[in-house]
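Read through the structure below, which is laid out as structure tokens, and then see the notes.
Every read-out reported here was derived from the displayed coordinates using simple, explicitly stated rules and does not represent laboratory data. These numbers come from a predicted model, not from an experiment. Positions of Cβ are backbone-derived with ideal geometry, glycine not excepted, and every protein chain shown enters the neighbour counts.
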Amino acid sequence: MSDSRHADHPAASMFVERWSPRSFTGEALPESALMTILEAARWTPSASNTQPWRFVYGLNGTPEFDKLVSVLMGFNQVWTPKAGALLLVVSKTQTVNADGAQSPLRWHSYDTGAAGLAIALQAEALGYHAHSMGGVEGEKAKEVFSIPEGYKVESAIAIGKLGPREALPEKLQEREVKSDRMPVSEFAFKGEFKA
Ligand SMILES: Cc1cc2nc3c(=O)[nH]c(=O)nc-3n(C[C@H](O)[C@H](O)[C@H](O)COP(=O)(O)O)c2cc1C
């Protein structure tokens with residue numbers, strides 16, 4: 001495993017060392033571990049505490065897991081069957097306000113993305129890894145899981161124990177590395193914005 005990661009400032013290693021492998025062992029995640037991971041998501045901050053995240057989960061070896069694989073885009077169907085669990089990530093886009101009218105939850109994706117990071121960090125703390133995927137067939141997922149209007153399919157997350165790199169198809173082996181990042185100075189600016 002090549003590891004190019006180096007923190008320029010002393011951030012906690014849980015942030016710097018987290019990464020998203022694609023090779024998993026195929027061992028089902030214990031449901032209790034998944035509940036711990038979802039409990040971490042539960043405590044995510046959200047706009048006005050609206051908690052718009054929703055998840056459909058399945059453990060490897062169950063019909064629900066196979067259904068979740070079936071709504072992923074082709075590329076993600078190559079490696080996800082060996083994850084220990086899969087989550088479909090959905091956000092609630094609207095709520096009913098006091099006078100009964102629909103009102104949009106403007107930060108539904110922002111809040112749900114934050115919950116996704118909680119999931120990744122808690123998974124790593126338990127010795128697992130999480131891998132987010134935007135590559136989901138959204139319309140198919142809505143159909144398969146009967147997701148009504150007012151909800152958006154955001155992504156999916158694979159969680160599992162790290163497997164051997166060699167178990168992946170060759171093209172994916174090349175990508176099975178901890179990626180680097182741009183320096184802080186390229187995305188944070190003192191008192192001004194730089195495009
Ligand atoms: C919103 C989102 C969508 C992503 N979509 C996919 C995907 O469809 N398939 C995939 O293999 N990886 C996907 N990734 C994983 C990213 O490529 C990966 O997180 C990024 O390269 C940084 O690597 P790291 O997580 O190992 O630090 C996605 C990640 C995020 C956050």
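Going by a ≥ b ≥ c, the root eigenvalues of the Cα gyration tensor, does the chain fall in the rounded group (a/c under 1.5), the prolate group (a/b larger than b/c) or the oblate group?
Judged from the Cα gyration tensor, the chain comes out oblate (a/c at least 1.5, b/c at or above a/b).
Give the order of His129, His9 when sorted by the count of other beta carbons within 10 angstrom, beginning with the fewest. The partial results should precede the final answer.
On the way: His129 23, His9 7.
So the residues, fewest neighbours to most, are His9, His129.
Using the count of nearby Cβ atoms within 10 Å as a rough guide to exposure, how do Asp66, Asp111 rank from fewest to most?
Ordered from fewest to most neighbouring Cβ atoms within 10 Å, Asp66, Asp111 come out as Asp66, Asp111.
Could you give the DSSP H helices of the chain that reach 15 angstrom or more along their long axis (alpha carbon positions) and whose average Kyte-Doolittle hydropathy is no lower than 0.0?
Numbers: long enough: 31-42 (16 Å, 0.53); 108-125 (26 Å, 0.31).
Within the chain the helices that satisfy the rule are 31-42, 108-125.
Rank the residues Tyr110, Tyr128 as a footprinting-exposure proxy: fewest other Cβ atoms within 10 Å of their Cβ go first.
Going from sparsest to densest Cβ surroundings: Tyr110, Tyr128.
Distance in nm between label sites at Ala167 and Arg106, each 7 Å beyond Cα in the beta-carbon direction?
Once both label points are built, they end up 4.6 nm from each other.
Could you list which residues have their amide H under 5 Å from that of Lys178, counting only those 5 or more apart in sequence or on another chain, with H placed in the peptide plane?
Here the answer is Ser2, Ser4, since their amide H atoms fall under 5 Å of that of Lys178.
Nearest 0.05, what FRET efficiency do Glu17 and Phe189 give at R0 = 25 Å with Cβ-Cβ as r?
Taking R0 as 25 Å, the efficiency between Glu17 and Phe189 is 0.40.
Hand me the chymotrypsin sites (Phe, Trp or Tyr not before Pro) from segment 132-195 located in a DSSP loop with no more than 11 other Cβ atoms within 10 Å, in residue order please.
When the chymotrypsin sites (Phe, Trp or Tyr not before Pro) of segment 132-195 are filtered for loop state and at most 11 Cβ neighbours within 10 Å, Phe187, Phe189, Phe193 remain.
Sequence-distant or interchain residues sharing an amide H contact under 5 Å with Gly163, placed H: which?
Close amide H contacts, sequence-distant or interchain: Ser23, Phe24, Thr25.
Stretch Glu27-Phe145 to full length: gain in nm at 0.36 nm per residue minus the Cα-Cα span?
Going from the current span to full extension adds 40.1 nm.
For segment 128-188 and segment 10-89, write down the distance between their C-alpha centroids in whole Å.
If we compute the Cα centre of each part, the gap is 9 Å.
Run lengths n ≥ 4 of DSSP H only: what is the helix-derived mean residue ellipticity at 222 nm for the chain, with -39500 (n - 2.57) per run over all residues, to the nearest 500?
One gets -8500 deg cm²/dmol as the mean residue ellipticity at 222 nm.
Please list, ordered by chain and number, the residues whose modelled amide H lies under 5 Å from the amide H of Val136; skip anything fewer than 5 residues away on the same chain.
Amide H to amide H, under 5 Å and 5 or more residues apart or across chains, Val136 pairs with Met73.
How big is the charge dipole of the chain about its Cα centre, in debye rounded to the nearest 20, if each Lys and Arg gets +1 on its Cβ and each Asp and Glu gets -1 on its Cβ?
160 debye
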